[in-house]
Amino acid sequence: MSDGAAKTLLRSGNTALIERALPHLTTRDPRRFWTSGQWMTESTGGSDVGSSETIARKDEAGQWRLYGRKWFASAATSQMTLTLARPEGNPPGGKGLALFYLETRNDRGALNRIKMLRLKDKLGTRKVPTAELMLEGTPAQLVYGPDNGVHNIIPMLHITRTWNSVTSVAAMRRGIALARDYAAKRSAFGAPLSQQPLHLDTLAALQAEFEAAFHLSFYLIELLGRDEAGELSESETALLRMLTSVVKLTTGRAVTPAISEVLEAIGGAGYVEDTGLPLLLRDSQVFPIWEGTTNVLSLDTLKALREPAAIIALQERFAKARESQKIAPLQALGKQADQALASAVAWLNNAKEDAALQAGARGLALTLGRSLALALLAEHAQWAIDHEQDRRPLAAAQRFAASGIRFIRDADLSQNQALANDTPLN
Ligand SMILES: Cc1cc2nc3c(=O)[nH]c(=O)nc-3n(C[C@H](O)[C@H](O)[C@H](O)COP(=O)(O)OP(=O)(O)OC[C@H]3O[C@@H](n4cnc5c(N)ncnc54)[C@H](O)[C@@H]3O)c2cc1C
């Protein structure tokens, strides 16, 4: 969030705030370093932040002051935050909200008219305490103008979603390292687990999922880096916007089942707190939820796809990967990835009703994410064969492909109604 706040302030061009906060957010001196929060979620909604109820009002001295309850404010120890509030008289919805900057403590170190109502008793991520808090006339400054707040906070979300992908990959890698180590040391039925064919098959599947998530996340980061260097074409910019959601949701869906498998791979010990593994599982459950749940990001992907340039850029990236694939097994994988992408594009073009599009959006987004992961894995596999004489990345690509990359499905809306509500279907 600190990284995202720095980027958002830089993008805003608000010189006063940049000069005030950037040196703190970017310093490596712990005495001057600040972290930033991002207070959006209210009890009325985290996905639907347009319904936020926090009010912004100017006092007699012309100072903006915020009044309202923020319901899920993480990094409660942070020195500053970016937050949304509705200037009095603004219309309802996201457009009527404005993006504000505020510092949590005054010169004396006391909270700046912020009442901490309670700390959330969370499943995991307890190292980053989350507060439910009340803004009681907290002084704040506009980052941009007095509206369009939901739009203006997007740079923050792009960075936090990217970090969410990276930390999902990191959690998977840590879990696999522990499972691999355990397999080398633990004997069962007369041989180490690392020599038991079925256990190896389980670890191989985990490694393939991890490598896919790794390539996906670091392709996103490559695009982000090129964006920051001003090197992206217009269509790649649209691709970056779409992939930020797609990669976050694809890695967020992969991590919790992977860590759960790690616990099982370590047997009963994996369930015991002093191994640290239950903590890893609890912490991993945040990845699919915060910064946009799988469904909300799937709908966001649909929105991003209104820009045809995003799909064109994605097709070009698949074509580039295909060009590099020289050996037959990799060409077969490249073709499988292309076919999954083509089926996603065809489904999108054929879907007529908005309800059907929404109901199928998760399948669409996961197909885009997993087919791109396969294309990138296959591209890397060719590189590894050419430069390192290593066929292990080929094995990862093949194993990942076998676990499924195409999730396109025409949802039956009346079946969904009956099943979701447990009502009869005639
Ligand atoms: C550990 C943790 C830390 C957090 N830290 C912060 C923080 O620092 N700052 C902050 O602002 N927020 C924070 N949050 C809040 C988080 O971002 C929200 O909880 C999240 O965005 C979901 O919003 P919600 O809770 O309102 O769920 P809801 O929006 O009520 O969603 C409930 C379910 O409905 C689904 N859903 C919602 N709308 C649709 C739709 N249109 N179509 C289909 N499905 C839909 C969702 O996918 C979800 O499964 C944090 C959450 C967690 C778990």
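Across the range 1-132, how many lysine pairs separated by 8 or more positions, or lying on different chains, have Cα atoms within less than 23 Å?
Count of close lysine pairs: 11.
Apply the Karplus parameterisation 6.51 cos²θ - 1.76 cosθ + 1.60, with θ equal to phi minus 60°, to every residue of the range 310-325 and state each ³J(HN,Hα) to the nearest whole Hz, in sequence, with x for glycine and proline.
Residue by residue, the range 310-325 yields 5, 5, 4, 5, 5, 4, 5, 5, 4, 5, 4, 4, 4, 4, 7, 7 Hz.
Asp338: net charge of surrounding residues, Cβ under 15 Å, Lys/Arg +1, Asp/Glu -1, itself excluded?
On the way: positive: Arg317, Lys320, Arg322, Lys335, Arg370, Arg406; negative: Glu316, Glu323, Glu379.
My count for the surroundings of Asp338 gives +3.
Return the loop-located chymotrypsin sites (Phe, Trp or Tyr not before Pro) in the range 186-250 (DSSP other than H, G, I, E, B) with at most 14 other Cβ atoms within 10 Å of their own Cβ; answer none if there are none.
Sites meeting the loop and neighbour criteria: Phe189.
Can you list the residues, at least 5 places off or on another chain, whose amide H is less than 5 Å from the amide H of Ala98, using H built in the peptide plane?
Excluding prolines and chain starts, which carry no amide H, the hits are Ala85, Arg86, Gly149.
Quick one: what does P(r) look like for the range 276-342 with 10 Å bins over all Cα pairs, in whole %?
Each 10 Å bin holds this share of Cα pairs: 17, 27, 26, 26, 4.
Dipole of the range 153-416 (Lys/Arg Cβ +1, Asp/Glu Cβ -1, origin at the Cα centre): which of Leu302, Leu394, Ser324 lies farthest to the positive side?
Final value for the positive-end residue is Leu394.
Lys and Arg at +1, Asp and Glu at -1: add these up for the other residues within a Cβ distance under 13 Å of Ile408 and post the number.
Spelling it out: positives minus negatives among the neighbours equals +3.
Could you give the angle, 0 to 90 degrees to the nearest 10, between helix 234-265's Cα long axis and the longest principal axis of the Cα atoms of the chain?
Roughly 70 degrees between the two axes.
I'd like the distance between the alpha-carbon centres of the range 129-151 and the range 357-387, rounded to an integer number of Å.
Cα centroid to Cα centroid, the span is 38 Å.
Checking the cross-link filter: which lysines have an alpha carbon closer than 17 Å to that of Lys320, excluding same-chain neighbours under 8 positions apart?
Partners within reach: Lys335.
Residue by residue through the range 188-203, which ³J(HN,Hα) values in whole Hz follow from phi under the Karplus form 6.51 cos²θ - 1.76 cosθ + 1.60 (θ = phi - 60°), with glycine and proline marked x?
8, 6, x, 8, x, 4, 5, 10, 8, x, 6, 5, 4, 4, 5, 5
If you place +1 on the Cβ of every Lys and Arg and -1 on the Cβ of every Asp and Glu, how big does the dipole about the Cα centre of the range 114-265 come out, in debye to the nearest 20? Working shown, then result.
Values: 16 positive and 16 negative charges, 152 e Å.
For the range 114-265, the charge dipole is close to 740 debye.
So what are the range 270-397's ellipsoid semi-axes, whole angstrom, largest first, if each one is the square root of 5 times an eigenvalue of the alpha-carbon gyration tensor? Could you put the intermediate results ahead of the total?
Details: eigenvalues 157, 151, 23 Å².
Semi-axis lengths for the range 270-397 are 28, 27, 11 Å.
When the C-alpha atoms of the chain are aligned to their principal axes, what extent does each axis show, in angstrom, from largest down?
74, 56, 53
So what is the calculated 222 nm ellipticity per residue for the chain, using -39500 (n - 2.57) for each DSSP H run with n of 4 or more, over all residues, to the nearest 500 deg cm²/dmol? Could the numbers behind the result be given before it?
Values: 13 runs with 237 residues, N = 426.
One gets -19000 deg cm²/dmol as the mean residue ellipticity at 222 nm.
Give a residue-ordered list of calculated ³J(HN,Hα) values for the range 20-28 (Karplus: 6.51 cos²θ - 1.76 cosθ + 1.60, θ = phi - 60°; whole Hz; x for Gly, Pro).
After applying 6.51 cos²θ - 1.76 cosθ + 1.60, I find 6, 9, 4, x, 6, 6, 10, 6, 9 Hz.
Across 10 Å bins from the origin, how do the percents of Cα pairs in the range 31-181 run, short distances first?
The distribution over the range 31-181 is 11, 38, 32, 13, 5, 1, 0, given as percents.
Which FRET efficiency value, to the nearest 0.05, is calculated for Lys326 and Thr293 with the Förster distance at 51 angstrom and r the Cβ-Cβ distance? It would help to have the intermediate numbers written out before the result.
Details: r = 40 Å, r/R0 = 0.79.
The computed FRET efficiency comes out at 0.80.
What longest range of the chain stays clear of loop-exposed trypsin sites (Lys or Arg not before Pro) (DSSP non-H/G/I/E/B, at most 11 other C-beta within 10 angstrom)? Before the final figure, lay out the partial values.
On the way: sites that count: Arg28, Arg31, Arg32, Arg108, Lys127, Arg306, Lys326, Lys352.
Between the exposed loop sites, the longest stretch runs 128-305.
Which is farthest toward the positive dipole end of the range 2-149 among Leu99, Thr15, Pro129, measuring Cα position about the Cα centre, with Cβ charges +1 (Lys, Arg) and -1 (Asp, Glu)?
Pro129
I'd like the orientation of helix 392-402 relative to the chain: the angle between its Cα long axis and the longest Cα principal axis, in ° from 0 to 90, rounded to 10.
80
If the only charges are +1 at each Lys and Arg Cβ and -1 at each Asp and Glu Cβ, what is the size of the charge dipole of the range 305-426 around the Cα centre, to the nearest 20 debye? Intermediate values should be presented prior to the final figure.
Working: 14 positive and 13 negative charges, 59 e Å.
Once rounded to the nearest 20, the dipole reads 280 debye.
Binning at 5 Å from 0, report for the range 110-254 what percent of all alpha-carbon pair distances ends up in each bin.
2, 8, 11, 12, 13, 13, 12, 11, 8, 5, 3, 2, 1, 0, 0
Only four residue types carry charge here, +1 at the Cβ of Lys and Arg and -1 at the Cβ of Asp and Glu. Report the dipole size of the chain about the Cα centre in Debye, rounded to the nearest 20.
Numbers: 48 positive and 45 negative charges, 144 e Å.
Dipole about the Cα centre, nearest 20: 680 debye.
A short reminder: the numbers here are calculations on the coordinates, not readings from a lab. Here the structure is a predicted model, which is why all the values come from computation and not from measurement. All Cβ positions, glycine included, derive from the backbone under ideal geometry; neighbour counts span all protein chains shown.
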